[in-house]
Amino acid sequence: MADVAKATLGLTKPAQIDSPKIAFAAKDVDLLEWKGDMLVICVTENDMTKVDNSKFQNSILNKLDSQHNGLLFQVSSEEDFTGKSGQSIVLRLSGHGPKRVSLYGLGKCSTSSSTSTYRSLGESIATSAKTYQANNVAITLASFENLTPELKLKAASAIATGIILGTYEDNRFKSESKKPALKSVDFLTFGVGPELEKKLKYVEHVCTGVILGKELVNAPANVLTPGALAQEAEKIASTYSDVLTAKILDTEQCKELKMGSYLGVAAASANPPKFIHLCYKPPSGPIKKKLALVGKGLTFDSGGYNIKTGPGCLVELMKYDMGGSAAVLGAAKALGQIKPPGVEVHFIVAACENMISGTGMRPGDIVTASNGKTIEVNNTDAEGRLTLADALVYACNLGVDKIVDLATLTGACIVALGPSIAGVFTPSDELAKEVVAASEAAGEKLWKMPMEESYWEKMKSGVADMANSGGRQAGSILAALFLKQFVDEKVEWLHIDMAGPVWNDKKKAATGFAVPTLVEWVVSNSSY
């Protein structure tokens, strides 16, 4: 992104950093013979059962313990390591074999461990590799007899995801940064062959999309303007030009399409809006389904004349109000590499800023969306839905079968579901099942919320077809009901309110949320 961001406010320009380049390999090697910096053994509580208070019940742990004169047994006892989920110990060794051995707890049973558990394990391994400057790591399971080939694939791919994303650090805006030490990861006892290799390559592609999503959200608004976001989209299309094309509409072209709702939000900013449309078409074969991914693209949201004020308004974090667009563009980058057959995908972002000036939209103004519906703007801080309205009309006009839109839309959704779970709103139970299944495979959390039609009374206007806000109660539901007014009834549609999980407050950084889910959903609709 450093080469496309043209904004110079504050003289801040991001440095170019490389994504982690880690060589993953599946090997059929006796772990007692493996040599390298760190051998990681994933253990359950059952694996840590001890016999006669002198040895492990697990044969693999016993062999390793014998090789190192009982050190494994001694340290695990002293550290009270029992294999509970999240527990870990690291031992420094001498002589033959690895320099260090790490034990990581999986909890009660490896067969029931979730994708998120294995992903967290991978992130912990990445942290240890940074701490001990490990160049090469091997990972094995203490007990794998009960794991099916499918479960082994699931575990390996989730661990690899955690390692890549745990290794990555967004240091573009820091004056100094270290390069990650980790270069290679060997999977032992996870199986070998083309299936695992294909899965690990798929993980790498998805992670490049997640990292792009993180970088876009992390970038400040004085660097990531609507124009810079559009240039990033064009860069993705040019990189994967065999399957992706880009169309960027300027203000005049949006006026021709009568996008008054979107342009009303953009009117106050010195940075002009950019309407982004990427299109993915497979390199060969027939197209069976047409999908659209629509992402909210507010590169900064001041609230407009209903300016964000007071504690908890999060105005200092409003660079992340384009998290939906980051997920959409991250998915475009991943899918440009995966190239799923049989599916056409449109990636749509109505990018702009919500600022304050004499040309800006005022409370009480009426705007007209591109489907002819009029909206009384009773709250200029309920602006994301105004931009999405015209984006959804545009998507429907493309003749797509299904639409998923994503937005950091309401603080109400954070109140309802907290920082880790996104809300899902849709009239289609079938589409909800599809997307929730994709999120479970991706290790992300979604929760289906009600579309209570009776609440629409709160959105009625005396002077226009509707208002853009209906008060504090049921804020997320009202926002979803508003968006529904701009979707063709023939099109299956689902809205994801991701205001909570887009940002990790503890790490003070973006999460790249929803990219893996979107990729899984598109692939599930393809002939991949």
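The values are calculated or read from the model by the stated rules, or taken from the named source; none is laboratory data. Note that the structure is a prediction, hence the values are computed from the model and not measured. Positions of Cβ are generated from backbone atoms using ideal geometry, with glycine treated the same way; all protein chains shown enter the neighbour counts. For the accessible areas, the whole protein counts, side chains as well, though only heavy atoms, and no ligand, DNA or RNA atoms are used. Shrake-Rupley method; radii C 1.70, N 1.55, O 1.52, S 1.80 Å.
Things worth noting here:
- Residues that are of a type in the set (Asp, Glu) and in contact (Cβ under 8 Å) with a residue 40 or more places away in the chain, drawn from the range 396-436: ASP401, ASP405, GLU430, GLU434
- Filtered residue count, the range 223-261, keeping only those that are more than 14 Å from TYR280 (Cβ to Cβ) and within 22 Å of the chain's Cα centre (by Cα): 11
- Beta carbons closer than 8 Å, at least 6 apart along the sequence or on distinct chains, pair a first residue in the range 96-125 that is acidic (Asp, Glu) with a second that is open to solvent by less than 10 Å² (accessible area, probe 1.4 Å) for GLU123/GLY162; GLU123/ILE163.
- Verdict on LEU431 being crowded, with 21+ Cβ neighbours inside 10 Å and closer than 25 Å to PRO282 by Cβ: no
- Residue within the range 234-250 that is open to solvent by less than 10 Å² (accessible area, probe 1.4 Å), closer than 24 Å to ILE338 by Cβ, in a strand (DSSP E or B) and not hydroxyl-bearing (Ser, Thr, Tyr) present: yes
- Residue count for the range 59-113, restricted to those that are of a type in the set (Val, Ile, Thr) and under 24 Å from ASN146 (Cα atoms): 4.
- Test result for GLY443, open to solvent by less than 30 Å² (accessible area, probe 1.4 Å) and out of contact with any strand residue (DSSP E or B) (no Cβ under 9 Å at 6 or more places or on another chain): yes
- The range 13-47, residues that are farther than 21 Å from HIS68 by Cα, assigned to a loop (DSSP other than H, G, I, E, B) and either of a type in the set (Phe, Trp, Tyr) or open to solvent by 60 Å² or more (accessible area, probe 1.4 Å) (or both): LYS13, GLN16, ASP18, LYS21, ASP28, ASN46
- Residue match in the range 361-376 (condition: buried (at least 22 other Cβ atoms within 10 Å of the Cβ), over 23 Å from GLN485 (Cβ atoms) and not basic (Lys, Arg)): no
- When LEU446 is tested against (1) in contact with a Leu (Cβ under 7 Å, 6 or more places away or on another chain); (2) under 27 Å from SER524 (Cβ atoms), only condition (1) is not met.
- Residues (surrounded by fewer than 19 Cβ atoms within 10 Å (Cβ to Cβ) and either in contact (Cβ under 8 Å) with a residue 24 or more places away in the chain or in a strand (DSSP E or B) (or both)) located in the range 181-198: ALA181, LYS183, SER184, GLY191, VAL192, GLY193, GLU195, GLU197
- Search result, residues across the range 295-316 that are among the aromatic types (Phe, Trp, Tyr) and out of contact with any helix residue (DSSP H, G or I) (no Cβ under 6 Å at 6 or more places or on another chain): TYR305
- Identity of the residue in the range 299-326, aromatic (Phe, Trp, Tyr) and buried (at least 20 other Cβ atoms within 10 Å of the Cβ), that ends up farthest from VAL265 (Cα to Cα): TYR320
- Identification of strands (runs of 3 or more DSSP E) wholly contained in the range 396-489 with 3 or more residues that are aliphatic (A, V, I, L, M) yields 402-407.
- Identity of the residue in the range 494-509, assigned to a strand (DSSP E or B) and open to solvent by less than 10 Å² (accessible area, probe 1.4 Å), that ends up nearest to LEU431 (Cα to Cα): LEU494
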